[in-house]
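> Got a structure for you, written out below as structure tokens; questions coming shortly.
The values are calculated or read from the model by the stated rules, or taken from the named source; none is laboratory data. These numbers were taken from a predicted model, which means no experiment stands behind them. For neighbour counting, all protein chains shown are included, and Cβ atoms are generated from backbone atoms with ideal geometry for every residue, glycine included. For accessibility, only protein heavy atoms count, side chains too; no ligands or nucleic acids. Shrake-Rupley method; radii C 1.70, N 1.55, O 1.52, S 1.80 Å.
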Amino acid sequence: MRALIQRVSEASVSVEGQVIGQCGPGLLVLVCAMQGDDETRAEQLAAKIAKLRIFKDDADKMNRSVLDIGGSALVVSQFTLAADTSRGNRPGFAAAADPATGERLYEHFARALAALGVPTETGSFGADMAVSLINDGPVTIWMDM
């Protein structure tokens, strides 16, 4: 699984002008299932993100997790995170899981994150979505699991 994690003051995702998910303060997690991924890997990624210490403590150090701050998460599917740009000018996406597997693992990841105690909302898999966010810091972290 691959994720792009952003520490946000707030974030929302809309489909056809209607907000379908939002969070804040907390994490916007763009997530992509890759070829060979399974439910175990989705659960491992959720656990790692829930415990990721990227929020400031009283000494102004990144030492607290989304769980520590009582934050929430917005999880949005993003197969383009699988882009291979090593050849030419048109990215390839062959490394992404097939759509059925991608959707299953995306939903499993979101449920796993919520089960760990992070209030979690989601986008709509495969939909044309508009994501709005206020990146706090900015803090943006790429994670492969």
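> Can you work out which of the residues in segment 48-61 that are among the hydrophobic types (A, V, I, L, M, F, W, C) and open to solvent by 30 Å² or more (accessible area, probe 1.4 Å) is nearest to the chain's Cα centre (by Cα)?
Leu52
> Does Leu67 fit the bill of being in contact with a helix residue (DSSP H, G or I) (Cβ under 8 Å, 6 or more places away or on another chain), of a type in the set (A, V, I, L, M, F, W, C) and farther than 19 Å from Arg2 by Cβ?
Answer is yes for this residue.
> Check whether at least one residue in segment 128-145 is at negative phi, surrounded by 13 or more Cβ atoms within 10 Å (Cβ to Cβ) and free of Cβ contacts under 8 Å to residues at least 60 places away in the same chain, and report yes or no.
No, there is no match, as no residue in segment 128-145 is at negative phi, surrounded by 13 or more Cβ atoms within 10 Å (Cβ to Cβ) and free of Cβ contacts under 8 Å to residues at least 60 places away in the same chain.
> Something else about it: Just to be sure I understand the filter: pairs with C-beta atoms under 9 Å, separated by 6 or more residues or on different chains, first member in segment 79-97 and in contact (Cβ under 8 Å) with a residue 12 or more places away in the chain, second member among the aliphatic types (A, V, I, L, M) and open to solvent by 80 Å² or more (accessible area, probe 1.4 Å). Which pairs pass?
Taking only residues 6 or more apart or on different chains, the pairs are Ala82/Ala94.
> Could you check segment 16-46 and list, in sequence order, the residues that are within 17 Å of Thr80 (Cβ to Cβ) and assigned to a strand (DSSP E or B)?
Scanning segment 16-46 gives Leu28, Val29, Leu30, Val31, Cys32, Met34.
> I'm checking my understanding of the structure. Among residues of segment 7-20 that are under 13 Å from Ser72 (Cβ atoms) and touching a Ser or Thr at 6+ places or on another chain (Cβ under 7 Å), which one is surrounded by the fewest Cβ atoms within 10 Å (Cβ to Cβ)?
Within segment 7-20, the match that is surrounded by the fewest Cβ atoms within 10 Å (Cβ to Cβ) is Ser12.
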